[in-house]
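Report on one structure; see the data block that follows.
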Amino acid sequence: MQELGGKALALLRLEQAGLPIPPWFVIAPSAFTASLTTVGLTEKQAKALACEQPERLNSALLSLRPSVEIEREVKDALRDLSVEGSRFAVRSSAVDEDGSQHSFAGQFDTFLFVDWTGVSSKVAAVWRSGFSDRVLEYRRQHGLSNATFAAPAVLVQRMVNATASGVAFSADPVTGQRSIGVVSAVPGLGTALVGGEAAADVFKVDRAGAVIDRAIVRKNISHRFDPAADEGVSAVNLSTDEGSKPTLTDVQAIGVATLARRAAHAFGKPQDIEWAIEGDQLFLLQSRPITTLADLADPEGTLNIWDNSNITESYNGVTTPLTFSFARYIYEGVYRQFCFILRVPKHKIAANENTFSRMLGLIRGRIYYNLLNWYRVLALLPGFTLNRRFMEQMMGVRESLPDEITRELEQASTRDRMMDALRSMRMVVGLARNYVMLDRQIERFYVRLNQALAPPEPRFEDMRFDELVAHYYKLERQLLSRWDAPLVNDFFAMIFHGAFRKLTDRWCGDANGMLANDAIRGQSDIISLEPAVRVREMARVAADHPELASALRQASTPNAVRVVRKYPDFSVLYDAYLSKFGDRCLEELKLESETLHEDPLVLLRSIGEVARAASISRSPQAEILSRDQTQSDQAHGDQAEEKMRAALRGSPVRRAMLWWVMRQVRKRVRNRENLRFERTRLFGTIRRLFLEAGHRLQAIGRLDDARDIFYLELEEILAFSDGTATTSDLRSLVGLRKQEFDLYRDGPAPAERFETRGPVYHAQPYRSSKPIAATESGRDERKGLGCCPGVVRGKACVVRDPKHALLTAGCILVADHTDPGWIMLFPSASGLLVERGSLLSHSAIVARELGIPAVISIPGLLDWLQDGDEVELDGAAGIVRRLVDVASAKETNA
């Protein structure tokens, strides 16, 4: 059947579906083979010429005609097809023609209004057109081999003497709207439209069967049947009145659009049809797939807005399936719990189960916020508009939702508003209760955490696979579903920080926020600072031992560790660091990340570089190493408090209120950072647990390598133990995913923020609709959020891969984002520039506490600065200037 070609098979399917097809028959390609004797060729000779010398075959076929037997069969078929005065269309039906990949539109000869006596000669002409120069060139351009092609099958169909005709699409091929049918119509025969000689009226019909748009044009000519014309068709001029009338009535246009949709249903995909009306009868002449839709999303599909502005601090770059599925589960549970805490009714939480489970998405292997679902969760809370601004600040998104979407989320009846007010009161009561109990909650959380993370008996290394799964479920019950204290503390940190900045701006004239930033510095009990302090302490010791300092900076990891063991005073400090912070690695929330226990190279290099700087007189790092950072930060805090006292002199009530809010900010930010470290401990435990599970699966031959487990989803791992898996061939599943994720790593990353319509993984460009515009200050200046004051000049050290970064002491660290694991690099930097993040992000908090001048949230930073550019940053004003452009300097020198 396949040899009958695309058109014939399409007509057969349409006819079987009961669509109005003019009578037809098809002549198989074997008829061409049987007729080769008329030009003295065998089938073998013709195939050889088709493959090696198609031009010679083209010449040899000039006198081809159907064999006597084939001609007799054609005449018999015509008699069955004919009514008095019938004329016929003779056209090709090649195997590749009208397919979903290649249409071959206009490449083969077509003959219209052929008298029955001329059909045989036109059949031969269609055969010959299959070997024409234009077909051969088309095949070459589309990478189609000549070795397997033969003459096309030939369709013979009773000709429709149309009063109106044209083409129609079951979906809009330009916009991609699947709900809109497009009908193009001309008076008379469709050859005027296909040949481009006449403009067409265009009707757009929605799937409810209504014409929603019509474009009626002036039509100058019409093609009509003319038996005296060579091709059986003549162009007739139309009068102004004739040419201005709509070709179709609305009822007829709807009928044509319906016919196109029926064809689409028959084939299971959108169709491009040719149609004609003769008298009152509508005929379907041809149908082919709309090839342009394959890479075009439906603009009416479900809208999703994706943003990774802040989540990239935790999950940067390509993330494995285990990490994503675990993170998705955590977010779902935590924010459902958050709604319970804020007294959202249980029935509303239950009604939004799907919303909670789709707060995160994985696009080309990278984790994104599904913003609309975040806002849907937020809309469950009383006072949506106010909460929305707080949430955007916490998430660090640069653009708010479009107003029309937020209005849709805010829609409510009078009764709903009354209930919202009542729930707001309940929420305030609940928040007050949680605030009063928060310190106690945190204490209980630490007790529960330490119990859950205590070394298990037996150890992970000695557990069976099912025991490891059971221990995971235990952690889930103890911690993952009871992450209440960190969640509530984060919420209050967000609220108090925002309130403090507004109050210092309003009452103390702190427009740029530097006073507020300085006021919350100097908290020595923030655990995030301890790694930097310990790195400096180890660097001081290493600086006294040139061999050790050199090994830390240059030797391979095994050799460097060997040298470390030669210096007991350093070795003790090093082991203590790994014991406490060994899980605080780069990208620590990605379960596949190697910890410092597995690869301590970045730590060794950081210590070595700071040690080298410590031995250089007047080095910025030597100064930092020699001073008491806590005292310096406390001095900044004292100065900020003095400025606030001066601004509020004579306003004791305001001063008391501001001091109370300031204490709350300090406390909640400190708790936030410290609780994030406890999260690091939990993730370290989960990482070790699943890695051991990977070893068990490797031992029984289900995985090639223990680390392959990171390419399985959380539920798939648990299901393998529980007996609920839909596949047990884990090795094949991992192999498939590895190939796909390798493509994600090698391919382009999606934009930071973009929209999708319809199925998220089909025909989506993942590009931002709002490219970054040039700053008002020009190409050599950018503005972001200043988060630690100070003016610093130095060379930019652009770090894209912190695992292999080697910072020159005193350089300005430039990064897309940072996470807690970057703290090992901070001691080498004299300044910090970060493209993403918020004032409550880890990089902002740690930079403030370390006293490193910093500017964050700088759009387009990594596209603007190059490694080695000379830059100046003002951490108070949030201004970054490029003083020397390395690329331009190279061009000038050249």
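The values are calculated or read from the model by the stated rules, or taken from the named source; none is laboratory data. These figures come from a predicted structure and were not determined experimentally. Glycine gets a Cβ as well: all are built from the backbone with ideal geometry, and neighbour counts include every protein chain shown. Remember, those area values only see protein heavy atoms, side chains included, never the ligands or the DNA or RNA. Shrake-Rupley method; radii C 1.70, N 1.55, O 1.52, S 1.80 Å.
Just a few scattered comments:
- If only residues of the stretch 131-149 that are open to solvent by less than 50 Å² (accessible area, probe 1.4 Å) and assigned to a loop (DSSP other than H, G, I, E, B) are counted, the one that is modelled with the highest pLDDT is F131.
- Put simply, of A228, A215 the only residue that is of a type in the set (A, V, I, L, M), more than 30 Å from G18 (Cβ to Cβ) and open to solvent by 70 Å² or more (accessible area, probe 1.4 Å) is A228.
- In the stretch 853-872, the condition of being aliphatic (A, V, I, L, M) and closer than 28 Å to A543 by Cα is met by at least one residue.
- Within the stretch 601-632, the residues that satisfy the criterion of being in contact with a Leu (Cβ under 9 Å, 6 or more places away or on another chain), modelled with pLDDT of 85 or more and open to solvent by 10 Å² or more (accessible area, probe 1.4 Å) are V602, R605.
- Scan of the stretch 472-486 for residues that are touching a residue at least 24 places away in the same chain (Cβ under 8 Å) and either charged (D, E, K, R) or buried (at least 17 other Cβ atoms within 10 Å of the Cβ) (or both), ordered by number: Y472, L475, L479, L480, R482, W483, D484, A485, P486
- Top-ranked residue in the stretch 639-681 [being outside any helix (DSSP H, G or I) and either in contact (Cβ under 8 Å) with a residue 12 or more places away in the chain or under 18 Å from I520 (Cα atoms) (or both); ranked as least open to solvent (accessible area, probe 1.4 Å)]: L648
- All told, A10 meets the bar of being out of contact with any helix residue (DSSP H, G or I) (no Cβ under 6 Å at 6 or more places or on another chain), aliphatic (A, V, I, L, M), under 30 Å from R261 (Cα atoms) and not in a loop (DSSP other than H, G, I, E, B).
- Among the residues of the stretch 867-887, those that are out of contact with any Leu (no Cβ under 8 Å at 6 or more places or on another chain), among the hydrophobic types (A, V, I, L, M, F, W, C) and under 26 Å from L839 (Cβ atoms) comprise A876, A877.
- Taken as a whole, the stretch 851-874 holds at least one residue that is on the phi > 0 side of the Ramachandran plot, modelled with pLDDT of 90 or more and touching a strand residue (DSSP E or B) at 6+ places or on another chain (Cβ under 7 Å).
- Tally of residues being in a loop (DSSP other than H, G, I, E, B) and either under 23 Å from G365 (Cβ atoms) or of a type in the set (A, V, I, L, M) (or both) across the stretch 703-723: 5
- Matching residues, the stretch 18-49, being in a loop (DSSP other than H, G, I, E, B), open to solvent by 40 Å² or more (accessible area, probe 1.4 Å) and farther than 19 Å from F283 by Cβ: G40, T42
- Taken together, the residues in the stretch 166-178 that are among the hydroxyl-bearing types (S, T, Y) and at pLDDT 95 or above amount to 1.
- Restricting attention to the stretch 841-881, the residues that are surrounded by fewer than 21 Cβ atoms within 10 Å (Cβ to Cβ) and assigned to a strand (DSSP E or B) total 5.
- Scanning the stretch 772-806 for residues being at pLDDT 85 or above, β-branched (V, I, T) and open to solvent by less than 70 Å² (accessible area, probe 1.4 Å) gives a total of 3.
- Filter result for P827 (part of a helix (DSSP H, G or I) and either surrounded by fewer than 21 Cβ atoms within 10 Å (Cβ to Cβ) or at pLDDT below 90 (or both)): yes
- Residues satisfying the stated conditions in the stretch 174-193, i.e. crowded, with 17+ Cβ neighbours inside 10 Å, in contact with a strand residue (DSSP E or B) (Cβ under 8 Å, 6 or more places away or on another chain) and within 26 Å of A294 (Cα to Cα): I180, G181, V182, V183, S184, A185, L193
- For the stretch 505-557, a tally of residues being surrounded by 17 or more Cβ atoms within 10 Å (Cβ to Cβ), modelled with pLDDT of 90 or more and more than 30 Å from P568 (Cα to Cα) returns 1.
- Those strands (runs of 3 or more DSSP E) of the stretch 150-232 in which at least 1 residues are in contact with a Lys or Arg (Cβ under 6 Å, 6 or more places away or on another chain), considering only elements entirely within it, cover 153-158, 180-187, 201-206, 211-215.
- Set side by side, the residues E15, E52 differ, and just one is within 47 Å of the chain's Cα centre (by Cα), open to solvent by 20 Å² or more (accessible area, probe 1.4 Å) and at pLDDT below 85, which is E52.
- Taken together, the residues in the stretch 56-71 that are in a loop (DSSP other than H, G, I, E, B) and open to solvent by less than 40 Å² (accessible area, probe 1.4 Å) amount to 3.
- The residues of the stretch 841-888 that are without any contact (Cβ under 8 Å) to a residue 60 or more places away in the chain and not small (G, A, S), listed by number, are V884, V886.
- Applying the condition of being within 17 Å of G232 (Cβ to Cβ) and modelled with pLDDT of 85 or more to the stretch 78-93 and asking which residue is surrounded by the fewest Cβ atoms within 10 Å (Cβ to Cβ) yields S86.
- Yes/no for K890 being assigned to a helix (DSSP H, G or I), more than 28 Å from R540 (Cα to Cα) and modelled with pLDDT under 85: yes
- Every pair of residues 6+ apart whose Cβ atoms lie under 8 Å, when the first sits in the stretch 526-551 and is over 16 Å from K566 (Cα atoms) and of a type in the set (D, E) while the second is in a helix (DSSP H, G or I) and open to solvent by 20 Å² or more (accessible area, probe 1.4 Å): E530/K580; E537/L573
- Y368, sole failed condition from (1) under 14 Å from the mean Cα position of the chain (by Cα); (2) in a loop (DSSP other than H, G, I, E, B): (2)
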